[in-house]
1. Contact order normalised by length for the chain, with contacts defined as Cα pairs under 8 Å and 6 or more residues apart; what percent is it?
2. For Arg205 and Glu71 in one chain, what is 0.36 nm times their gap in residues minus the Cα-Cα distance, to one decimal in nm?
Amino acid sequence: MSELLIARIDAILPQTQCTQCGYPDCRGYAEALAAGSADIDQCPPGGEAGLAELAALLGRPLKPLNPQHGEHKPRVLAWIDEANCIGCTLCIQACPVDAIIGASKQMHTVIAAECTGCELCIPACPVDCIELLPAVEPALTAERQALAGLWRKRHAYRLFRLGREKRERSERLAAKALAKKAEAQFAAPEVQASLDAALQRHQARLAGEPVPPPAPLADAKAARIAEMMARAKRLREGG
Ligand code: SF4
Ligand code: SF4
Ligand code: SF4
């Protein structure tokens with residue numbers, strides 16, 4: 001697959017990262033188009049203009065948008081009704097460009113300049129406190145391309161961040177597992193020694209030989225056992 005062709009297709013796509021094309025992001029759709037496994041009519045945010053550019057680039061016949069992927073709509077921006085936000089963070093997890101800021105149990109806000117209007121945060125919100133507001137459509141191609149460039153960069157950074165967090169999580173788990181293993185290895189000789197001693201005493205008893213005394217207990221433990229034995233003796237003697 002030609003990297004150059006993928007980049008040229010990706011440059012046409014609006015970078016809304018909405019997944020309506022059936023791919024996880026615009027880059028995924030660009031790869032599928034370059035590989036010939038997707039049709040050019042699957043990107044509603046790109047509209048008829050985007051479709052025509054794809055047809056020209058790929059030398060495919062022009063056709064209307066496939067309604068199964070949705071319809072081209074005017075650009076929107078997400079807005080959070082902060083008074084009703086419960087701070088569940090689910091919208092942050094759904095946003096493909098990290099355009100929502102907030103923390104657990106805190107109110108959340110959309111950074112309007114970075115919102116692509118993908119609408120992915122809408123079904124994620126359990127209290128329906130996100131609304132879509134009309135947004136100004138960039139008038140010039142250069143403005144549109146600049147916006148798409150920003151969204152592409154922010155989506156790429158999000159993927160990088162998620163990858164780094166996944167790596168760090170698995171490194172933490174691996175370190176924890178290693179520490180546990182080391183702990184177990186550390187404890188094993190003591191456990192083994194005590195098992196060996198118990199076995200020796202048992203064999204001596206069976207052979208009628210003098211039974212070696214058990215290893216001395218730690219002071220605190222020995223004192224506690226002595227106290228319990230004395231108490232049991234007193235109870236036995238009715239004291
Ligand atoms: S804008 Fe949405 S539908 Fe269009 S390519 Fe990107 S993810 Fe797919
Ligand atoms: S805030 Fe909502 S609509 Fe805007 S980019 Fe993020 S998920 Fe999409
Ligand atoms: S999903 Fe809704 S309730 Fe949860 S943090 Fe986002 S806006 Fe707030």
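Rule-based calculations on the coordinates, nothing more; no lab input. Not measured: the values here are computed from a predicted model.
1. Working: 262 pairs, mean separation 33.4, N = 239.
Answer for the chain is 14 percent.
2. On the way: separation 134, 0.36 × 134 = 48.24 nm, distance 8.73 nm.
The span from Arg205 to Glu71 would gain 39.5 nm if fully extended.
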